[in-house]
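The values are calculated or read from the model by the stated rules, or taken from the named source; none is laboratory data. Keep in mind that what you see is a predicted model, and the values were worked out from it rather than measured. Ideal geometry is used to build each Cβ from the backbone, glycine not excepted, and the neighbour counts take in all protein chains shown. These accessible areas exclude ligands, DNA and RNA; they are computed on the full protein's heavy atoms, side chains included. Shrake-Rupley method; radii C 1.70, N 1.55, O 1.52, S 1.80 Å.
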Amino acid sequence: NKAQTEASNINTIKAAVNALYASAPDYAGLDTTTALHADVFPSTMVSSDGTSASNSFKGTVTIASTAGAASGATDSAFAITYNGVPTTECVKIVSAVAGSFYDVTVDGTDVKNSTTALDVTSLATACQGGGDTNTLVFTAL
């Protein structure tokens, strides 16, 4: 099942980034290239030339440091962006991993943040609206 595979991949990526930056004060310098060089992505996601990562739906997967909503400080959080996620898998993936993240958006719609639990109604609506090209952004502190 692709949704289960991707949920597992997302959790693996998050754990790998946390381990990589465990001794660092923040996520400064974190980007997709750094993540690729540090073997953050499961090998099944990495392109044959090692320059990009993609999900089971052939959409690109990127990582970048960002300002965390909690403190607003530069590089205090990181975002994993999943592109090209079909409606049928969108709800399943987000539902499976949302609890591990500070903030989750689907095509720009905030479906979970620090002050709210996962809003399943908003999630279903957002996933439906994106058709087979949803962009999911998972932000972790």
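Quick notes on this structure:
- One residue stands out among those in segment 77-113 that are of a type in the set (Ser, Thr, Tyr) and in contact (Cβ under 8 Å) with a residue 24 or more places away in the chain: the one that is nearest to residue 125 (Cα to Cα), which is 87.
- Taking segment 51-65 as the range and being more than 17 Å from residue 135 (Cβ to Cβ) and open to solvent by less than 30 Å² (accessible area, probe 1.4 Å) as the test, no residue passes.
- Looking only at segment 114-141, and only at residues there that are without any contact (Cβ under 8 Å) to a residue 40 or more places away in the chain and either part of a loop (DSSP other than H, G, I, E, B) or in contact with a Pro (Cβ under 9 Å, 6 or more places away or on another chain) (or both), the one that is most open to solvent (accessible area, probe 1.4 Å): 115
- Matching entry among 19, 53 (being within 24 Å of residue 92 (Cα to Cα) and modelled with pLDDT of 95 or more): 53
- Members of segment 16-35 that are out of contact with any strand residue (DSSP E or B) (no Cβ under 9 Å at 6 or more places or on another chain) and within 15 Å of residue 61 (Cβ to Cβ): 16, 33
- The one condition from (1) open to solvent by 70 Å² or more (accessible area, probe 1.4 Å); (2) farther than 25 Å from residue 94 by Cβ that residue 38 does not meet is (1).
- With respect to the conditions (1) open to solvent by 30 Å² or more (accessible area, probe 1.4 Å); (2) in contact with a helix residue (DSSP H, G or I) (Cβ under 8 Å, 6 or more places away or on another chain); (3) farther than 27 Å from residue 130 by Cα; (4) assigned to a helix (DSSP H, G or I), residue 11 lacks only one, and its number is (3).
- Single residue of segment 36-48 satisfying the filter (more than 12 Å from residue 63 (Cβ to Cβ) and part of a loop (DSSP other than H, G, I, E, B)) that is nearest to the chain's Cα centre (by Cα): 42
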